[in-house]
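A.B. asks: The structure under discussion is supplied below as structure tokens; questions concerning it will follow.
The numbers here are math on the coordinates, done by the rules we state, and not lab data. Nothing here was measured: the structure is a model prediction, and the numbers come from that model. Cβ placement follows ideal geometry from the backbone for every residue including glycine, while neighbour counts extend to all protein chains displayed.
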Amino acid sequence: MKLSVPGLPWKPYSRRLRKICTIALPVEKNGEDVDRYISAAPKAAQGKLREVRAAIREAAPAAKESISYRIPFYNYKGRLVYFGLFRGHIGLYIRPPVIEQHKKDLAGYVTTMSAVHLPLDEEIPSGLIKKLVRARTKINDAEETKR
């Protein structure tokens, strides 16, 4: 499902679209800045962001945490997962084919080829996040052994 803003063409990394759709938070480029990213978010969303972060860290404790594309990013033998706060949801971004492989588990969520929208007015599915991150971790391990 493609989401768009009326009057704007859909471009995934369009600066104009990003300014309209994302919560602009001051960040730099190291793990401490994920703390700053979360603390700069609205109070109502901070707990949910912490839950997403905790689920990712539990599923991939060896992943390196940083900021990329102005949102938290985890690197484990390559790109692992991103998450970010948007106006009505938390976006969880995982490279394909993980979303497609778990389509049944994600039936109640808005998804794209590489994103899951976690609504802010619902509980954070920590178990599902861990399952998706572990699946991507296995793919990254397999890709590294091929190199």
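A.B. asks: For R70 and E100, what does the FRET efficiency come to when R0 = 30 Å and r is the distance between their Cβ atoms, rounded to the nearest 0.05?
C.D. replies: Working from the Cβ atoms, E equals 0.70.
A.B. asks: Measuring from centroid to centroid over Cα atoms, what is the spacing of segment 33-107 and segment 114-141 in Å?
C.D. replies: Using only Cα atoms, the two centres lie 8 Å from each other.
A.B. asks: Tell me the net charge near L118. Cut-off is 12 Å between Cβ atoms, L118 excluded, with +1 for each Lys or Arg and -1 for each Asp or Glu.
C.D. replies: Details: positive: K48; negative: E51, D121, E122, E123.
After counting each charged neighbour, the total is -3.
A.B. asks: Along each principal axis of its Cα atoms, how long is segment 63-104 end to end? Whole angstroms, biggest number first, please.
C.D. replies: If we take the Cα atoms of segment 63-104, the spans are 31, 29, 13 Å.
A.B. asks: While we're looking at this one, here's another question. For the cross-link pairs K77/K104; K43/K138; K48/K138, which exceed 31 Å when the distance is taken from alpha carbon to alpha carbon?
C.D. replies: Beyond 31 Å between Cα atoms: K43/K138.
A.B. asks: Across segment 55-68, in residue order, what do the Karplus-derived ³J(HN,Hα) couplings come to in whole Hz, using 6.51 cos²θ - 1.76 cosθ + 1.60 with θ = phi - 60° and x for Gly and Pro?
C.D. replies: Per residue, the Karplus-derived 3J(HN,Hα) values read 5, 5, 5, 5, 6, 9, x, 8, 6, 8, 9, 7, 10, 8 Hz.
A.B. asks: A further question follows. Taking Cα pairs under 8 Å and at least six residues apart, what relative contact order does segment 15-146 come out at, in percent?
C.D. replies: Relative CO of segment 15-146 lands at 23 percent.
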